[in-house]
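J.: Below you will find the structure I want to go over with you.
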Amino acid sequence: MSLKQQASTGAEVDERMAALVTNANAVRAIASAVEGTLGPKGLDTMLVDKFGEVVITNDGVTILTMMEANHPAARMVINVARAQQEEIGDGTTTATVMAGAMVGTGVEQVARGVPVARVIEGIRAGVKRGLEIMKQKARPVEDLNDPLIYQVALVAGRGHEDIADLVVQAARMIGREKLLDRSFRFADTVMAQEGADNQVFMGVIVDKEPMNRQMPRELEDAQVLVIDDALEPEEIEEEALATEAGFARYMELQNQFRDNIQKIIDLKVGLVLVDRGVHDLAEEMLTDAGIMVVQRVANKELRRVAEHTGARMIKRTGLKKDLEQIKHYLGRCRRVFHDEKLEQVWIQEGGGRPMATVLVGAATAEVVGERERIARDAASAVQAAVRGGVVPGGGAIELAVAREVEKTRASMRGMTAYGVDCVIEALKRPLAQIVTNAGFNPLEKVGDVMAAQVETGNEALAVDCDTGQVADMYELGVVDPVLVKTYAFKAAGEIAEAILRIDTIIKKREDKEAGPRQATDI
């Protein structure tokens, strides 16, 4: 019985198994929505809103975050997927598919009479052991010229060779040290633009135009000022303006503002980037001085420009300092260029930290978003590979881990072992879904791969989706970052535990002020 049906009949409390089944069905529905995209033969999903706007994508997190899902259990899965995207940038589909399998098997075990507490205990033990094994089997990537880096980008980039080339080139420009910096997100360096040519350059792009057409289009060897504020005079309350003292203070602030703008001109600044708006007086004076000004720049872009040019962000009150002090806030770059076609400002070869930008071209507006998502996934995967190493993809590592976890199950006593079964089934699921999407029988192929791994001792064996034959994933170049795998596996375990722990569903009391709140299906 769905939550909507219960609400309509006035039911306040759902029975334990009914609550579990309801939530499990919601998780399974979410998994079904993305499982068809898994693997090299995975298909696309079309998302349509009420206005008829269409998004066609193969990206799991995009499907999950854009789809309409009102069931609370479904939203839990989506929130975990969103968290994985933020932390790792890839692997959300795998996490969701494994969570669906883990929850489904868990419900079956509870229905057979296994206590929920024992199932959860077994899931925890199985996931913990599985994570240990995955980390042990990782192959480190210490050199950005390692061919595995390109293969990681190609797999995460869904076979787009041009995107993989761009991402790897950018990674080498940025360097290993920067990629290891936990505060740096390689995916943020990716942009896609309709009509642009594929390219990578040392610098950053500001997705804004100069304030007016009288400002210079191009600057060489320019000093850069980054203002993390509005470039406007300090404000004074309207009531104060009605007094003589207040008006005098207003005029003093106006003159002080003019002097501050003159300081920027005297310092021979070439480019001024402003977080918020720019006053007309400042625009006029800076335009006359041949300075390029870009206003309302996103804070993320401001920080990247500051880091790349070596500038220190300053508030408008900081312009009261003397010229020598303000000099220390300036950055420098070799070239600033206003691309009128793309409506962007390019800042190249800054004097600060190395910063590469990946510009991905797209033929039409319809594919811009998908090209950008693909490139961001590839960039995230490359960074994850540098941070944690790689493992064979195609479901191979999960199957190898499943066999090791099965050994753990044999040493367990009591009903906890049934919870470990949930983990084993979840680990088999990625390979089963990949071969299903490729048009092969999953039972047959999973069995073939398990037998081949045992016989040869090669844990990189899985299925070649073109031929259906068992093959070495390292030899085929099918590799994944271990961090993507471990995070997805851990997330699946957390989802399963959270869903299985829900014993009762109670309809919340209606808030009279907010009006009735309806419980709805997914």
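J.: Scanning for something surrounded by 12 or more Cβ atoms within 10 Å (Cβ to Cβ), of a type in the set (A, V, I, L, M) and out of contact with any Leu (no Cβ under 9 Å at 6 or more places or on another chain), does the stretch 214-225 turn up at least one residue?
T.: Within the stretch 214-225, none of the residues are surrounded by 12 or more Cβ atoms within 10 Å (Cβ to Cβ), of a type in the set (A, V, I, L, M) and out of contact with any Leu (no Cβ under 9 Å at 6 or more places or on another chain).
J.: Next question, about the same structure. Mind checking which residues of the stretch 280-297 are open to solvent by 10 Å² or more (accessible area, probe 1.4 Å) and either without any contact (Cβ under 8 Å) to a residue 12 or more places away in the chain or touching a helix residue (DSSP H, G or I) at 6+ places or on another chain (Cβ under 7 Å) (or both)?
T.: If the condition is that a residue be open to solvent by 10 Å² or more (accessible area, probe 1.4 Å) and either without any contact (Cβ under 8 Å) to a residue 12 or more places away in the chain or touching a helix residue (DSSP H, G or I) at 6+ places or on another chain (Cβ under 7 Å) (or both), then ASP280, LEU281, GLU284, MET285, ASP288, ALA289 are the ones that fit.
J.: Any residue that is more than 22 Å from ASN260 (Cβ to Cβ), crowded, with 21+ Cβ neighbours inside 10 Å and in contact with a Cys (Cβ under 9 Å, 6 or more places away or on another chain) - is there at least one of those in the stretch 326-334?
T.: From the stretch 326-334, those more than 22 Å from ASN260 (Cβ to Cβ) are 333-334; that's our starting set.
Right, trim to crowded, with 21+ Cβ neighbours inside 10 Å and you get 333.
Checking which are in contact with a Cys (Cβ under 9 Å, 6 or more places away or on another chain) leaves us with none.
Checking the stretch 326-334: not a single residue is more than 22 Å from ASN260 (Cβ to Cβ), crowded, with 21+ Cβ neighbours inside 10 Å and in contact with a Cys (Cβ under 9 Å, 6 or more places away or on another chain).
J.: Continuing with the same structure: Of all the residues that make up the stretch 299-320, how many are among the charged types (D, E, K, R), open to solvent by less than 70 Å² (accessible area, probe 1.4 Å) and more than 30 Å from the chain's Cα centre (by Cα)?
T.: Here is the first cut: in the stretch 299-320, the ones among the charged types (D, E, K, R) are 300-301, 303-304, 307, 312, 315-316, 320.
If we keep only those that are open to solvent by less than 70 Å² (accessible area, probe 1.4 Å) as well, we get 301, 304, 307, 316.
Right, trim to more than 30 Å from the chain's Cα centre (by Cα) and you get 316.
Residues flagged as among the charged types (D, E, K, R), open to solvent by less than 70 Å² (accessible area, probe 1.4 Å) and more than 30 Å from the chain's Cα centre (by Cα) within the stretch 299-320 amount to 1.
Condition check ((1) open to solvent by 30 Å² or more (accessible area, probe 1.4 Å); (2) more than 27 Å from the chain's Cα centre (by Cα); (3) closer than 22 Å to GLY493 by Cβ; (4) touching a residue at least 40 places away in the same chain (Cβ under 8 Å)) across all residues:
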| residue | (1), (2), (3), (4) |
| --- | --- |
| ALA385 | no, no, no, yes |
| ALA426 | no, no, yes, yes |
| ARG429 | yes, no, yes, yes |
| ILE434 | no, no, yes, yes |
| GLU444 | yes, yes, no, no |
| GLY447 | yes, yes, no, no |
| LEU461 | no, yes, no, yes |
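J.: Would you confirm whether any residue within the stretch 460-468 is in a helix (DSSP H, G or I) and either touching a helix residue (DSSP H, G or I) at 6+ places or on another chain (Cβ under 8 Å) or more than 23 Å from ALA95 (Cβ to Cβ) (or both)?
T.: Initially, the stretch 460-468 is screened for residues in a helix (DSSP H, G or I), giving none.
Checked against the condition, which is being in a helix (DSSP H, G or I) and either touching a helix residue (DSSP H, G or I) at 6+ places or on another chain (Cβ under 8 Å) or more than 23 Å from ALA95 (Cβ to Cβ) (or both), the stretch 460-468 yields no hits at all.
J.: Got a number for residues in the stretch 72-89 being touching a residue at least 12 places away in the same chain (Cβ under 8 Å) and either basic (Lys, Arg) or closer than 21 Å to ARG371 by Cβ (or both)?
T.: Of the residues in that region, 4 qualify.
J.: Filter the stretch 390-403 down to the residues that are crowded, with 19+ Cβ neighbours inside 10 Å and outside any loop (DSSP other than H, G, I, E, B) and list them by number.
T.: VAL390, VAL391, PRO392, ALA396, ILE397, GLU398, LEU399, ALA400, VAL401, ALA402
J.: Please state which one of ALA117, ALA170 is more than 20 Å from the chain's Cα centre (by Cα), modelled with pLDDT of 90 or more and farther than 25 Å from GLU398 by Cβ.
T.: Working: ALA170 fails: more than 20 Å from the chain's Cα centre (by Cα).
Step by step, each of ALA117, ALA170 is checked, and only ALA117 is more than 20 Å from the chain's Cα centre (by Cα), modelled with pLDDT of 90 or more and farther than 25 Å from GLU398 by Cβ.
J.: When the stretch 262-290 is examined, which residues are found to be in a helix (DSSP H, G or I) and either within 13 Å of VAL226 (Cβ to Cβ) or aromatic (Phe, Trp, Tyr) (or both)?
T.: The first filter runs over the stretch 262-290 and keeps only residues in a helix (DSSP H, G or I), leaving 262-266, 280-288.
Residue satisfying the conditions is ILE264 alone.
J.: Restricting to the stretch 390-409, name every residue that is small (Gly, Ala, Ser) and under 14 Å from VAL482 (Cβ atoms).
T.: Filtering the stretch 390-409 for residues small (Gly, Ala, Ser) gives 393-396, 400, 402.
Result: GLY393, ALA396, ALA400.
J.: Take the stretch 110-142 and flag every residue that is charged (D, E, K, R) and out of contact with any Leu (no Cβ under 8 Å at 6 or more places or on another chain).
T.: Initial filter on the stretch 110-142 (charged (D, E, K, R)): 112, 118, 121, 124, 128-129, 132, 135, 137, 139, 142.
ARG112, ARG118, GLU121, ARG124, LYS128, ARG129, GLU132, LYS135, LYS137, GLU142, listed by residue number.
J.: So which residues in the stretch 336-383 are open to solvent by less than 30 Å² (accessible area, probe 1.4 Å) and free of Cβ contacts under 8 Å to residues at least 40 places away in the same chain, if there are any at all?
T.: ASP339
J.: Just to be sure I understand, how many residues within the stretch 345-366 are closer than 24 Å to HIS328 by Cβ and among the polar types (S, T, N, Q)?
T.: Count: 1.
J.: Output the qualifying pairs, or none if there are none: Cβ atoms under 9 angstrom, residues six or more apart or on different chains, first residue in the stretch 59-71 and touching a residue at least 60 places away in the same chain (Cβ under 8 Å) and farther than 22 Å from ALA19 by Cβ, second residue of a type in the set (Gly, Ala, Ser) and in a helix (DSSP H, G or I).
T.: Filtered contacts from the stretch 59-71: THR62/GLY369.
J.: For residues that are in contact (Cβ under 8 Å) with a residue 40 or more places away in the chain and in contact with a Leu (Cβ under 8 Å, 6 or more places away or on another chain), scanning just the stretch 29-50, find the one that is most open to solvent (accessible area, probe 1.4 Å).
T.: First, pick out the residues of the stretch 29-50 that are in contact (Cβ under 8 Å) with a residue 40 or more places away in the chain: 29-32, 34-43.
Going one step further and asking which of them are in contact with a Leu (Cβ under 8 Å, 6 or more places away or on another chain), we end up with 30, 34, 36-37.
Numbers: ILE30: 0, VAL34: 0, GLY36: 34, THR37: 8 Å².
Only one residue tops the list, namely GLY36.
J.: Further question on the same structure: Report whether or not ARG413 is among the charged types (D, E, K, R), surrounded by fewer than 23 Cβ atoms within 10 Å (Cβ to Cβ), free of Cβ contacts under 8 Å to residues at least 12 places away in the same chain and more than 28 Å from THR37 (Cβ to Cβ). Step through it out loud before you land on a result.
T.: Values: among the charged types (D, E, K, R): yes; surrounded by fewer than 23 Cβ atoms within 10 Å (Cβ to Cβ): yes; free of Cβ contacts under 8 Å to residues at least 12 places away in the same chain: yes; more than 28 Å from THR37 (Cβ to Cβ): yes.
So ARG413 fits the description; yes.
The values are calculated or read from the model by the stated rules, or taken from the named source; none is laboratory data. Remember, it's a predicted structure, so these values are computed and weren't measured experimentally. We place every Cβ from the backbone using ideal geometry, glycine too, and count neighbours over all the protein chains shown. Note: areas computed on protein heavy atoms with side chains; ligands, DNA, RNA excluded. Shrake-Rupley method; radii C 1.70, N 1.55, O 1.52, S 1.80 Å.
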